[in-house]
Structure formats: C-alpha cells, structure tokens
Amino acid sequence: MTILDKQLLRVAVYCGSSSGNDPAFLSEARALGSAIGASGLGLVYGGACVGLMGAVADAALAAGAEVIGVLPDVLNGREIAHRGLTALETVPTMHERKARMAALAGAFVALPGGYGTLDELLEAVTWAQLGLHAKPCVLVNTANYWDGLLEFLDSAVDAGFLKAANRGLLHVVPSAGDAVELIAARCQPC
C-alpha cells in the first residue's frame, strides 16, 4: 500500500501561484495549511513552491499533513515544482490535473487567485450541481477578495440562470479555520 492508497480525507486547495498584494492573502494561505495539518487532514494542490500555493503547502507540511502536488507537464520545467512534498505527480494536461485533484480529494477550498483558481473552483461546483460528487465546495473570502464573484452569482440567481439551491453549493466562509471546521463537520465520515 502506498501513501496515496490510504483512506485519508484530503482537501483540494485552489489558489494563486502568486502571493497577491495584500499580506492577508499570504497569512490566510499559511493559516489554511496549518489548520489542515492540525485537523489530521491531507492537502492536494497544484504542486508549486511559489505564491499562495507554496505557502499553503509549506504550512501543511510543517503541521504534519500529507501533501500531494499535481503538476501539469507544461509547468514542470519552469522550476516551480515543490520538491519537498509527500508526493508530486505530473500529468500531461491541465484537464488531467483537475480530474486527478478531484479524485484525490474529499472537499474543495478556494483562496484568492486568478483565472486558474476560478476555473478549478467553478468546475468543482459545476460537478456538484450535476450530481457528479457531493463533496463540500468552500470559498474563503479573505479580505473580501471574492465579493465581486459572489455578487455575480447572486445576480445569476436573480436573472434565472442559477437556481438558488445550486448557488448554495458554494459555501462561503471568512477564514481558513471556518473552512476546515465546515469540512470536518460535513465529512464525518467522508
């Protein structure tokens, strides 16, 4: 049995490969990694050593968590791969990265990030909407970073393009600690 065969609740974390310009973003990424480790959870993430991605991984490792990175081949040669992880998997494409992360995880959490973070989060929520999984999808709204997205989603409900019940598939919390509490409560056993 390899470490990847263990029955461990892992959290897929989507976040920026940069740190952003508000120190709260980096602080919250570290807090999330620490909370994941302290709760006995594992981390699955994009495999980079930079930005919020590197911060959440380093904090989870320091807290004793299993940390699995999933890096697409296109990024593997750019010297961003985190070499200190429990496991680092490389996959041929971004599509395969998302599928592999979803297969390894029992919950999804998003911190601040850009296009990639938004793509990964919305795909996970879409899969929940379609009934492909029942895993919690959690958005940590650090320093109100995601307010514009949340307003858009509410307007999509008002316009009749998104059902209110499906809007509720995305759980919004103010902090990393709240995200881990929600996951622990919803995934007993997951």
Taking springs between alpha-carbon atoms closer than 10 angstrom, which of ALA35, ALA24, ALA48 fluctuates most in the Gaussian network model of the chain? ALA24
What angle, in degrees between 0 and 90 and rounded to the nearest 10, separates the Cα long axis of helix 23-38 from the longest principal axis of the Cα atoms of the chain? 70 degrees
I want to verify a result. In a Gaussian network model of the chain, Cα cutoff 10 Å, which of these has the top mean-square fluctuation: VAL50, VAL172, VAL74? VAL74
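Treat the count of other C-beta atoms within 10 Å as a stand-in for reagent exposure and order ASP73, ASP178 from fewest to most.
Arranged by neighbour count, lowest to highest, ASP73, ASP178 become ASP73, ASP178.
Only counting other Cβ atoms within 10 Å, I'd like MET94, MET53 sorted with the fewest neighbours first.
Working: MET94 16, MET53 28.
Lowest to highest Cβ neighbour count: MET94, MET53.
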Helix-only [θ] at 222 nm, the chain, -39500 (n - 2.57) per DSSP H run of 4+, per residue, nearest 500, equals -13500 deg cm²/dmol
Would you mind telling me which residue in PRO92, PRO136, PRO72 has the biggest mean-square fluctuation in a Gaussian network model of the chain, where springs connect alpha carbons within a distance under 10 angstrom? PRO92
Mind checking the angle between helix 147-158 and the chain's longest principal axis? C-alpha axes, 0 to 90 degrees, to the nearest 10. 40 degrees
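Going by how many other beta carbons lie within 10 Å of each one, how would you line up LEU153, LEU122, fewest first?
LEU122, LEU153
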On a 0 to 90° scale, report how tilted helix 115-129 is relative to the longest principal axis of the chain, with both axes built from alpha carbons and the result rounded to the nearest 10. 60 degrees
Test item: Cα-centred dipole of the chain, Lys/Arg +1 and Asp/Glu -1 on Cβ, debye: 440 debye
Under 5 Å from the placed amide H of THR90, counting only residues 5+ away or on other chains, we find LEU71
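Throughout, read-outs are computed from the coordinates displayed, never taken from laboratory work. Everything numeric here is computed off the predicted structure, so don't read it as measured data. When we count neighbours, we look across all protein chains shown, and the Cβ atoms used for this are built from the backbone with ideal geometry, even at glycine.
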